[in-house]
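Worksheet: one structure, shown below.
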Amino acid sequence: MSVKRVLQYGEKSLREPSKEVHKVSKKIQELVQDLLDTMYAKNGVGMAAPQIGVNYRVFVIDVSKNDEPLNPIVFINPKIIKKSGAIVAQEGCISFPEAYTDVKRYDYVMVKALDRHGRPFVMEAKDGCLLARAIQHENDHLDGILFIDHCVNRFETDDILAKHNLPPVDADKLISEPEIDKELENKKND
Ligand code: NI
């Protein structure tokens, strides 16, 4: 279809919750294609519908490396049905150009969703791999949650955002994750 403009941090739709898809219609198929086209144009690993200003529960991911064939995965109405473990890793987002910061994530997720044809599937991603982190990152977009809400250090993140002319962290959006903190603490003591 076409490459769309990607909303930047500070734009309202990024903080709005997205609606369930009731039918994988032609309109939704076109949205999926727009997401793929836009993600590849921006060299991203993932892209969620609210990032192109469409608040539907749809995102796409492609974690294939440069020398591998494209391998897009489409998630419609995704639900994370299991999660465990913890990992800290650096993340960025196409809506935050060039800004990267350390965030806390689960290192294992199981997700169920519909594919681009409306067929249900279940997928696991383990060991804090890129796919595991991307699923959490993109799924968050559907609830108006952004990666900086998971940041390890708010002040460091503010500095990084300022350097890239982006607004500071929304202090009231920071997510408390005692489960993950506990896991990280255990890891440290191992
Ligand atoms: Ni993102």
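The values are calculated or read from the model by the stated rules, or taken from the named source; none is laboratory data. No experiment lies behind these values; they were computed from the predicted model shown. Quick reminder, even Gly has a Cβ in these numbers, built from the backbone with ideal geometry, and neighbours come from all protein chains shown. For the accessible areas, the whole protein counts, side chains as well, though only heavy atoms, and no ligand, DNA or RNA atoms are used. Shrake-Rupley method; radii C 1.70, N 1.55, O 1.52, S 1.80 Å.
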Approximate spin-label separation Asn165-Asn189, in nm, with each point projected 7 Å along Cα-to-Cβ = 4.7
Expressed in nm to one decimal, what extension gain is obtained for the pair Tyr40 and Ser2 from 0.36 nm per residue of sequence separation less their Cα-Cα distance?
-> 12.6 nm
23 Å Cα-Cα threshold exceeded, pairs from Lys83/Lys104; Lys4/Lys173; Lys19/Lys173 = Lys4/Lys173
Amide H within-cut-off set for Gly128, under 5 Å, with H built and near neighbours excluded = Tyr108
Which residues qualify? For Leu142, with a placed amide H closer than 5 Å and at least 5 residues away or on another chain, they are none
On the formula 1/(1 + (r/R0)^6), with r taken between the Cβ atoms of Lys65 and Gln33 and R0 of 25 Å, the FRET efficiency rounded to 0.05 is 0.65
By how many degrees, between 0 and 90 and to the nearest 10, does the Cα long axis of helix 178-189 differ from the longest principal axis of the chain?
-> 60
Based on the mean of other beta carbon atoms within 10 Å per residue, what is the order of 3-14, 162-173, 101-112, 56-67, most packed first?
-> 101-112, 56-67, 3-14, 162-173
Given charges at beta-carbon only (K, R positive; D, E negative), |dipole| of the stretch 18-100 in Debye | 540
By how many degrees, between 0 and 90 and to the nearest 10, does the Cα long axis of helix 154-163 differ from the longest principal axis of the chain?
-> 60
Acute angle (nearest 10 degrees) that the helix 130-141 long axis makes with the longest principal axis of the chain, alpha-carbon atoms | 80
With every protein chain in place, the chain: carbon and sulfur % of accessible area (1.4 Å) = 50
